[in-house]
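Okay, structure first, notes after.
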Amino acid sequence: MLDAIIKAYNEAVFETDKAAAFAVVNAALADGMKAEEIVFKVVIPAVEEMMSNITKDPDANLAQHFMTAQIAAEVTEKMLLKFEHPPEIIGRVVIGTARGDLHSLGKRIVMGCLKALMVDVTDLGVNVPAEKFVDEAIARDAQVIAVSAMMVHTATGDGGARRVRQILQERGLEKRFKLVVGGAPYRFDNELYKTVGADGWASDGVNAGRIIIDLIKEVKGEVMPS
Amino acid sequence: MTPLEILVAAVTGTPASRIPIFCNLLDQGARELGMSQQAYYANGEHVAAGQLKMRERYGQDNVWSLFYVGKEAELLGCNEILFSEDGPPNVGDFVIKTYDDIAKLEVPDDLTAHPAWTETAKCLKILTDEVGATHPVCAYLTASTTLPALLMGMDKWMELLLTGPADVRDELLRKCSDFYQKEVAAYRTAGANVLVYSTPFGSTSFVGMKRFKEFSMPWMQRDLAPGGVGSIVYYCGMAPFNNVIQQVLDELKIGVYYISPLADLAEAKAIIGTRGLTCGVIDDISLIDWTPQQTAAEVKRMCEIGMVGEHFLFGTGVMPLDVPEANIKAMLATAFEYGKYTGGSS
C-alpha cells in the first residue's frame, strides 16, 4: 500500500496538482496511516525525488519548483498537528532577500522545502539589512544564514551577502554560521557565490534545501567539511 | 544606411553593410550626467539626455525610452519606488496586497493623461525628435501574464496563478491585458519604433509546456491582437525559449526574437531562419568579470554563429552597472568589426 501511496503522491506533486496531493494524503490517513509515516515515508522522500527529477528534467520549470515546495510545506504543516510527539528539528535557518531587493519567490520556494525537510525557518522578509541577518541568526541560534538576491547589484553589492560575511568576520562568528546565497545572478556565474563570500549556493530553490541541510550538519559537527 | 535602415534590412533580409548592434544601457545614464538615480529618473529630459550621450559615447544603434520596469506599476497606482545607486530601481510597495485589491485596480482610460506617463512622453519626444528618423527608439512593455508580478510580487502571483480562484486570476489578467493594449498604442503614437514585449511566462522555464499552450499563448494573443505585432520583439527576460519559437512564429507571427544567453544561439537561428530576426544576446553578467579579450572573443563567436544567413542582430540584456567601460567598448568595437557583411549582404 505504501508504494501505491508514494507513487500517487509523487505523480500529483510532479503535475503540480495540489488538490490531488492532498487527496492522496487524506485517503492514506483514512486508511489508518500515521501522520509521521506520511511525512517521513511519503513527503520527505518526494521532495528528495523532486530534487533529483528537477535536476535531470530539461522541462522542469519555476511553477514546478514553486508547487513542489508549497505542497510539501502545506502537507507537512497539516501532518505535524497530528504527530504524537513533536518531530526532531534538523536545524535552524534565517532567510531573507538582500537589502534593496523585493523579489521573494526564490526565498519562498526554499522555505517550503526546508519546512518539509524538518528545518526550522525564520523568514526575515524582503529588503533585509545585513546586520539584521546576523542579529536574527544569533537570536534564533540558527546554523545557516540564507540571502536571496534576484538582481546583480543586490547579489554583489555591499549591502547583501558580502556585508553579512564581513560582519561575521568582524564579530568572530564565521564558525558559528554558514552563509548561503541564491537567485538569478548566481545561475549565470556559478562561481559568483565565492566572490560574495558565501559558503554555498544552489541553482534552484528546491536543491537549496539539500545544500542548506549539509551546511547545518557541518556547523553542528555532524559531518566534516569536504 | 542609418541604424534604423540597417535594422529594417536585418528584419527583411535586404542588403546592408552590417548587422544592427544594440546595447541596453539604462542606469548608466545617471552616472553619465553625474546625478543620483532618483534625480535622473525624476525627469524625462535627463533620461533622454543620458540616452543620447551614451549613444554618442559608445556608438550603439539604439536608445531607450524605458526609465525602469516599475514605471508600469506607477501607471497602475504604485507610489513607492526603491532607488539604489548600484542598480535598477525596484517597486517598493505592491499595489495589490489582497485579492480584494484586484477588483479595485483601475486601468486608466487614457494612459497618456496619467502623471506617471508625463516624463516618459517628454523623454520620447526628445528622442524621436533627435534620432527617431534614423535610430531605433526602444520601449519596454510587460505582457499581461507577467505584469501581475510587478503589482503583487512574483510569489503572490504564482500562488494566485497556480492555486488561486480562477475568476480573480482572470480578472487581473484581463486588466493587465487591457493595460498592455493601451500602453503599446501610447508608445506607438509617441514614436517608439522597437517594442520589446517582455513575456517571461512565454518561456517554459517559468511554466511547463502544457501551461504555456493553455495559459500563456491565449493571453499573449489577447495582448497583441488589437495592435498587431509590428515592431514587436519577443523577450522572456533572460529565460531560454527556443522550444516555443516555432509556435510563437506560427500563432503570434512575431518577427523578432531576443534569444537568452543561456540558450543555444545556433539552434534558435536554425529555427527562425529567414522568417524573422534572431537577436544574439551576450551574457552581460559574465561581462562584469570578463577581460576585454574574453569579451571580444565571445562577441566574435556569436557573430560567427548568427550572421550565417543574415537576419541577425547583436544585443545585450539590461547591462548591469558593474560592467566595466573597457568591456562595453571591447564588445561594441568587436561587434562593429565582425558584424560587417563583406561586400554588403547577399
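Just so it is clear, none of the values below were taken in a lab; they were calculated from the coordinates. What you see is a predicted model, and the numbers here were worked out from it, not measured in a lab. Cβ atoms come from the backbone with ideal geometry, glycine included; neighbour counts cover every protein chain shown.
A Förster distance of 30 Å, applied to the separation of the beta-carbon atoms of residue B:122 and residue B:31, puts the FRET efficiency at 0.90.
In percent, rounded to a whole number, the relative contact order of the range B:3-338 is 19, using alpha-carbon pairs under 8 Å and six or more apart. Counting pairs of Cα atoms in chain B, how many percent are more than 24 Å apart? It works out to 55 percent of all Cα pairs. A cut-off of 5 Å between modelled amide H atoms, ignoring neighbours fewer than 5 places along the same chain, links residue B:24 with B:316, B:319.
For chain A, a Gaussian network of Cα nodes joined below 10 Å ranks A:88, A:191, A:37 by mean-square fluctuation, and the top entry is A:88.
In summary, the lysines within cross-link reach of residue B:53, defined as a Cα separation below 28 angstrom excluding same-chain residues under 8 places away, comprise B:71, B:122, B:125, B:300, B:329, B:340.
Summarising the label geometry, the points placed 7 Å from Cα in the beta-carbon direction at residue A:169 and residue B:188 lie 5.5 nm from one another. For the peptides A:109-120, B:97-108, B:250-261, the ranking by packing is A:109-120, B:250-261, B:97-108, with the highest mean count of neighbouring Cβ atoms within 10 Å listed first. The range B:286-328 and the range B:239-271 have Cα centres lying 19 Å from one another. Look at the stretch B:204-210: the mean tally of other chain Cβ atoms within 10 Å of its residues' Cβ atoms is 5. The phi-based Karplus calculation (6.51 cos²θ - 1.76 cosθ + 1.60; θ = phi - 60°) puts the 3J(HN,Hα) values of the range B:93-100 at 8, 7, 5, 9, 9, 9, 4, 4 Hz, whole numbers, x for Gly and Pro. The residue B:301 and residue B:57 beta-carbon pair, evaluated with R₀ = 35 Å, returns a calculated FRET efficiency of approximately 0.85. The helix-based estimate of mean residue ellipticity at 222 nm for chain B, built from -39,500 (n - 2.57) per DSSP H run of four or more residues and divided by its residue count, is -13500 deg cm²/dmol to the nearest 500. For the cross-link pairs A:115/A:217; A:18/A:41; B:104/B:213; A:56/B:253, the ones whose C-alpha atoms lie over 21 Å apart are B:104/B:213; A:56/B:253. Sorted ascending by nearby beta carbons within 10 Å, beginning with the fewest, B:334, B:163 become B:163, B:334. Cross-link reach is defined here as a Cα-Cα straight distance under 20 Å, omitting same-chain residues fewer than 8 places apart; for residue A:220 the aspartates and glutamates meeting it are A:88, A:120, A:135, A:136, A:141, A:174, A:199. As a proxy for reagent exposure, ranking B:27, A:135 by other Cβ atoms within 10 Å from fewest up yields A:135, B:27.
Shielding of peptide A:99-108 by partners, expressed as the average count of other chain Cβ atoms within 10 Å per residue Cβ, is 5. A quarter of the convex hull surface defined by the alpha-carbon atoms of the range A:91-219 gives 6.2 nm² as the mean projection. Is the shape of the range B:9-85 rounded, prolate or oblate, going by the alpha carbon gyration tensor and its root eigenvalues a ≥ b ≥ c, with a/c under 1.5 for rounded and a/b larger than b/c for prolate? Oblate. Note on residue B:134 and residue B:166: the extension gain reaches 6.9 nm, defined as 0.36 nm multiplied by sequence separation minus the Cα-Cα distance. Near residue B:256, the amide H atoms lying under 5 Å from its own belong to B:234, B:277; only residues 5 or more places off or on other chains count, and H is placed 1.01 Å from N. Diffusion coefficient of the range A:2-80 by Stokes-Einstein, Kirkwood radius over Cα pairs, 25 °C, 0.890 mPa s: 199 µm²/s. Judged by the mean number of other Cβ atoms found within 10 Å, the most tightly packed of the peptides B:310-318, B:75-83 leads the ranking B:310-318, B:75-83. Judged by the ratio a/c of the largest to the smallest principal axis of the C-alpha gyration tensor, the range A:60-122 counts as oblate, that ratio being 1.5 or greater while a/b is no larger than b/c. With only the Cα atoms considered, the range B:199-292 has a convex hull volume of 102 Å³ per residue.
Restricting the calculation to Cα atoms, chain A yields a radius of gyration followed by a Dmax of 17.7, 56 Å. Take the alpha-carbon centre of the range A:89-139, take the same for the range B:103-161, and report the distance between them in whole Å. Here the answer is 32 Å between Cα centres. Only Cα pairs under 8 Å and 6+ residues apart enter the sum, and on that basis the relative contact order of the range A:2-80 stands at 41 percent. Let me know the shape class of the protein assembly as shown, please: from the alpha-carbon gyration tensor, a ≥ b ≥ c as square roots of the eigenvalues, rounded when a/c is under 1.5, otherwise prolate if a/b is greater than b/c, or oblate. Prolate, because a/c is 1.5 or more and a/b exceeds b/c. Sequentially through the range B:122-135, phi angles give Karplus couplings (6.51, -1.76, 1.60; θ = phi - 60°) of 4, 4, 5, 4, 5, 5, 5, 5, 6, 10, x, 7, 10, 10 Hz, Gly and Pro residues having no value and appearing as x. Computing FRET efficiency as 1/(1 + (r/R0)^6) for residue A:122 and residue B:247, where r is the C-beta to C-beta distance and R0 is 51 Å, gives about 0.75. Estimated from helices alone, the mean residue ellipticity of chain A at 222 nm is -16000 deg cm²/dmol (sum of -39500 (n - 2.57) over DSSP H runs with n ≥ 4, per residue).
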